[in-house]
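Laboratory data are not the source of any read-out in this text; all were calculated from the coordinates shown. Worth saying up front: this structure is predicted, and the values here are computed from it rather than measured. So basically every Cβ, Gly included, is an ideal-geometry build from the backbone, and we count neighbours across all protein chains shown.
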Amino acid sequence: MAKSTTIPASINQLGILGRRRPPPCIRTGLQTGTITSLRRFGVHALSMNYYGMRCPIADNIVRVTVNNALQSDPTLAAGLLRMHFHDCFVEGCDGSVLLDSTKDNTAEKDSPANLSLRGYEIIDDAKQQIENQCPGVVSCADILAMAARDAVFWAGGPVYDIPKGRKDGTRSKIEDTINLPAPFFNSSQLIAMFGQHGFSVQEMVVLSGAHTLGVARCSSFKNRLTKFDSTHNTDPDLDSGFAAKLSKTCTAGDNAEAPFDETRNSFDNAYFNALQKKAGVLTSDQTLFASPRTRNIVNSYAMNEAKFFFEFQQAMVKMGLLDVKEGKAGEVRSDCRKIN
Ligand code: HEM
């Protein structure tokens, strides 16, 4: 059974990365990388400068590897961002999503929810280069968190630093992916699931803004286009012109892709503008505008991109701390696809 993934209460209460802006002493701590302030959030061993002594080049290797890969294929920025989310929501941010299945174990990555994850090779490439420089020091979980951060920036999103020092987990089970939200969730279900992981309503909405990058496949939204429910053929929250466009996409089959917004490789607030036009691709996207509990938050990000960027990076740092394994609770894998 999956262990529930929650942010330590101390993190939430201090509002480190949540809705409230943290007090200046904490902000300073996060920016300068001292571990003192992070101790106060219950995450003892993490720090901005964790690899400063033992592998100072790690950050740079990840950045260059991600930049090179995205230059060849800009669509992979979305893949890296999503992979980090799927790692953190299942067993915490411990690189469990990166593990391959074995003869005796079907891993998270083979769950239907993860079959369209992309970008594993970028993590492998960065890991190999880092192992060549400083073997056994930098965890796969940290490499993935850094890669997601660099992908957001590369696509035009906010620049931010993240604490490092996550250890890699040894458990990766297909059944644990039940902890991932489903595309047909409504806002109450999303609020409940993100709430279980320690996120506020605002943080759930801002994290959903990750859908400013990338695509969904027809299989994730075709239920909205025909025989939607007993009274509607098409989802009434969907603009009819946009529904026709999605239906046309789906004539190419279940794997046909629809971009979440008109700028699929740019990190911007176009996703929230699309929701206002009833052009959200998934039920879980459009519900954020349809529901009075979240509509005002959507409107605020649609109107103010800087606010979206600022709150997104705060929520991403918080997400990156979900059930982090520290010290002996984990290992540093030498190959991200296998436990040591
Ligand atoms: C709020 C609940 C969420 C639901 C229900 C959800 C669901 C989905 C689904 C169904 C897809 C398309 C998969 C496919 O059809 O192949 C997708 C794509 C994506 N998701 Fe989410 N997601 C959620 C939140 C998030 C969060 C919090 C992030 C990151 C912080 C994220 C990042 C992405 C990205 C970047 C893509 C595009 C991937 C690509 O183009 O390869 N999602 N999501």
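The calculated pair-distance distribution of segment 202-258 uses every alpha carbon pair, bins of 10 angstrom beginning at 0, and gives 22, 44, 30, 4 percent. Annotation: aspartates and glutamates with alpha-carbon distance below 15 angstrom to Lys328 (same-chain offsets under eight excluded): Asp94, Asp168.
Between Ala216 and Ala258, Phe260, the built amide H atoms are under 5 Å apart, and every one of these is 5 or more places off in sequence or on another chain.
Projected onto their three principal axes, the Cα atoms of segment 62-130 cover extents of 36, 23, 21 Å, largest first. As a calculated quantity, the FRET efficiency between Ser72 and Ala306 at R0 = 35 Å, using C-beta atoms, amounts to about 0.70.
Between segment 178-244 and segment 133-154, the alpha-carbon centres lie 29 Å apart.
How large is the translational diffusion coefficient of the chain in µm² per second when you combine the Kirkwood radius over alpha carbon pairs with Stokes-Einstein at 25 °C and 0.890 mPa s? Roughly 121 µm²/s, to the nearest whole number. Each Lys or Arg adds one and each Asp or Glu takes one away; over the other residues whose Cβ falls under 12 Å from the Cβ of Gly330, this sums to -1.
Between the C-alpha center of segment 50-76 and that of segment 246-289 there is a gap of 29 Å. For the chain, averaging the sequence separation of C-alpha pairs within contact (under 8 Å, six or more residues apart) and dividing by the residue count gives a relative contact order of 25 percent. In the structure displayed, which of Lys127/Lys222; Lys127/Lys167; Lys109/Lys222 lie more than 26 Å apart, Cα to Cα? Violating the 26 Å Cα-Cα cut-off are Lys127/Lys222.
With both labels modelled 7 Å from their Cα along Cα-to-Cβ, the Lys277 to Lys227 distance reads 3.1 nm.
Among Tyr120, Tyr301, Tyr51, the order by Cβ neighbours within 10 angstrom, fewest to most, reads Tyr120, Tyr51, Tyr301.
Ranked by how many other Cβ atoms sit within 10 Å of their own Cβ, fewest first, the residues Met303, Met48, Met53, Met316 fall in the order Met53, Met303, Met48, Met316.
For segment 187-315, pairs of C-alpha atoms spaced more than 23 angstrom apart make up 30 percent of the total.
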